[in-house]
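Asks: One structure coming up, written as structure tokens, with questions to follow.
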Amino acid sequence: MQMAIKKGIVVGIGVLLQILLSLGGYIVLGELIGFVSIFYTILGFLLILGLIRNSKNYSYTLPWILILFSYPLIGTLLYIILGRSKNNSKVLKSITASEKDSKRYLIQDKTIREEFENNGKLRYISDFTGYPVTKNNDISYYPLGEEAFKVMLEELKKAEKFIFFEYFIVNHGTMWNSILEILEEKAKSGVDVRVMYDDAGCISTLNNSYPKELEKNGIQCVVFNKLNPVSGVIMNNRDHRKILVIDGKVAFSGGINIADEYININSHYGHWKDNAIKVSGDAVWNYTVMFLTMWNAFRKNDEDFYKFKYDFKHKNIENGYAVPYGETPLDTEITGEDVYLNIINQADKYVYIFTPYLIVDTDMINALNLAAKRGVDVRIIIPGIPDKKIVYTLSESYVETLVNAGVKVYKYTPGFIHSKVFVSDDKIATVGTINLDYRSLYLHFECGIYLENVNCIKDIKKDLVDTISKSHEVTKKEAEPSLLKAVWQSILRLVAPLM
């Protein structure tokens, strides 16, 4: 916590100084203040036009438009400092270049492409996100972090060539220490071990010198977007992915980070309900390219990604389709939300959803409500015990509208839900890192895996059904807030896209 406070103070002071310097220059101009005001008004208006023209979603951009319109000077300064575009960030430029270069490694098998020619959901992911649809996979779903953790350790011990490790949060404790012991042993034996974590995600868990500690033990380390007074907050896009790839043979992803609460050790929020997915087969390559794309944006180690590709010779392990996909804030697609919307809009019988946060835009609200109104059994499971009270209050503000439209919302009574899962009609599911909130959908780098007609979908559905049985369904009366709470929730909704 002390590390988080120190980093937060330093970054906060840096941002405050930038604002004060800008305002100071404004005041010093004296007689020219009128002209400067006109300049900022015009600049703010141009920024508003740019937001309107380039907006991916107006629910997300509306708060910025209101601030720029109401307070041109302060709004423009805040937007320049906090909402700076990718064109002004060296980090984002580097990631953009790496993403562009990595596309040559993501090639769709033509035979499989012919099979799903008339499948709109698969065609969208393949054609517009660039991630190839695969078959020939063996996929396992783990309904709890502690179950996945045991398998992760087993697979790590088998590593012979490389271990790629990318997580939003890493914290000292039973989980990380157990993994780290194996990583150090493997690094000593010549295995290529690479660790990447997000600086904001680890703001209170790892100190600034931790990468050097790992490097001393032979583990290569990249810290994503280091926080600093000048650019740490300007670049608001974080690496929220969870990816572990071992020898190109096995990949893990899902909701769990690397900290003890994710395996129900010392959880402060009751029972921590999370999940993970293990993939073995051709789909592992998508995760491998995702990792290498981000890694090489910071360290250009690899001229050829194909040396990390494993040749799975045994075909047709499972005939269903699997597509690991990445979400990036640097392109024109809102991949995470679009995958979710496609599942909801094309559901016939049911859609069950796990999400820790329910901070949804108008597109998502309308899709959920319309599905319920046309007779689809729509159920959303959110935490019963919140990890962030303000965010939880904001999530609750959407429940009334959904419940009144026929969507069933459940609160997980034993504790906190951290899983991010959709399952529909016994044949479609997606598991990943993408929350139903603005940060995941518009700001973060995320990942997921879309599944169709694979065996583990029945296990995913069972997990949701079992969890619903332990949860409390929110009634219409419970969903209706008091007057004061409704006002507070409305304020939170207004600023939600900025948080």
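The values are calculated or read from the model by the stated rules, or taken from the named source; none is laboratory data. Computed from a prediction, not measured in an experiment: that's the story for all the values here. Cβ atoms come from the backbone with ideal geometry, glycine included; neighbour counts cover every protein chain shown. Accessible surface is based on the protein model in full, side chains and every heavy atom, while ligands, DNA and RNA are left aside. Shrake-Rupley method; radii C 1.70, N 1.55, O 1.52, S 1.80 Å.
Asks: Quickly run through the stretch 171-194 and pick out the residues that are in contact with a helix residue (DSSP H, G or I) (Cβ under 6 Å, 6 or more places away or on another chain) and either at pLDDT below 95 or of a type in the set (A, V, I, L, M) (or both).
Replies: If the condition is that a residue be in contact with a helix residue (DSSP H, G or I) (Cβ under 6 Å, 6 or more places away or on another chain) and either at pLDDT below 95 or of a type in the set (A, V, I, L, M) (or both), then Met175, Ile182, Val193 are the ones that fit.
Asks: Within the stretch 134-152, can you find the residues that are open to solvent by less than 30 Å² (accessible area, probe 1.4 Å) and under 15 Å from Asp260 (Cβ atoms)?
Replies: Across the stretch 134-152, the qualifying residues are Gly145, Ala148, Phe149, Met152.
Asks: Those residues that are crowded, with 19+ Cβ neighbours inside 10 Å and not hydrophobic (A, V, I, L, M, F, W, C), I need them from the stretch 156-170; list them, please.
Replies: Glu166, Tyr167
Asks: Provide a single number: the residues in the stretch 417-468 that are part of a strand (DSSP E or B) and of a type in the set (S, T, N, Q).
Replies: So the count comes out to 2.
Asks: Examine the stretch 464-482 for a residue that is crowded, with 17+ Cβ neighbours inside 10 Å and within 22 Å of the chain's Cα centre (by Cα), and state whether such a residue exists.
Replies: Scanning the stretch 464-482, I find at least one residue that is crowded, with 17+ Cβ neighbours inside 10 Å and within 22 Å of the chain's Cα centre (by Cα), so the answer is yes.
Asks: Take the residues in the stretch 264-286 that are small (Gly, Ala, Ser) and part of a loop (DSSP other than H, G, I, E, B), then tell me which one is surrounded by the most Cβ atoms within 10 Å (Cβ to Cβ).
Replies: My answer is Ala283.
Asks: Also: Would you mention how many residues in the stretch 239-263 are in a loop (DSSP other than H, G, I, E, B) and open to solvent by 20 Å² or more (accessible area, probe 1.4 Å)?
Replies: Within the stretch 239-263, residues that are in a loop (DSSP other than H, G, I, E, B) and open to solvent by 20 Å² or more (accessible area, probe 1.4 Å) number 1.
Asks: Are there any pairs with C-beta distances below 8 angstrom linking a residue in the stretch 476-497 that is over 16 Å from Leu358 (Cα atoms) and hydroxyl-bearing (Ser, Thr, Tyr) to a residue that is assigned to a helix (DSSP H, G or I) and open to solvent by less than 100 Å² (accessible area, probe 1.4 Å), with the two at least 6 apart or on different chains, and if so which?
Replies: none
Asks: Out of the stretch 144-182, which residues are aromatic (Phe, Trp, Tyr) and free of Cβ contacts under 8 Å to residues at least 24 places away in the same chain?
Replies: If the condition is that a residue be aromatic (Phe, Trp, Tyr) and free of Cβ contacts under 8 Å to residues at least 24 places away in the same chain, then no residue fits.
Asks: Answer yes or no as to whether Tyr131 is in contact (Cβ under 8 Å) with a residue 12 or more places away in the chain, surrounded by fewer than 22 Cβ atoms within 10 Å (Cβ to Cβ), farther than 26 Å from Ile417 by Cα and among the hydroxyl-bearing types (Ser, Thr, Tyr).
Replies: no
Asks: Suppose we filter the stretch 60-100 for residues that are of a type in the set (Ser, Thr, Tyr), modelled with pLDDT under 65 and open to solvent by less than 40 Å² (accessible area, probe 1.4 Å); how many remain?
Replies: Result for the stretch 60-100: 0.
Asks: Regarding the stretch 298-309, can at least one residue be identified that is of a type outside the set (A, V, I, L, M, F, W, C) and open to solvent by less than 10 Å² (accessible area, probe 1.4 Å)?
Replies: There is no residue in the stretch 298-309 that is of a type outside the set (A, V, I, L, M, F, W, C) and open to solvent by less than 10 Å² (accessible area, probe 1.4 Å).
Asks: Let me ask you something else. I need a count of the residues in the stretch 400-410 that are open to solvent by 20 Å² or more (accessible area, probe 1.4 Å) and in contact (Cβ under 8 Å) with a residue 60 or more places away in the chain.
Replies: Here the count works out to 3.
Asks: Is one or more of the residues making up the stretch 177-193 within 30 Å of Val465 (Cβ to Cβ), of a type in the set (A, V, I, L, M) and crowded, with 18+ Cβ neighbours inside 10 Å?
Replies: no
Asks: For the stretch 419-465, what are the residues that are touching a His at 6+ places or on another chain (Cβ under 7 Å) and modelled with pLDDT under 95?
Replies: Matches in the stretch 419-465: Ser440, His444.
Asks: For Tyr310, work out the one condition from (1) assigned to a helix (DSSP H, G or I); (2) more than 23 Å from the chain's Cα centre (by Cα) it doesn't fulfil.
Replies: (1)
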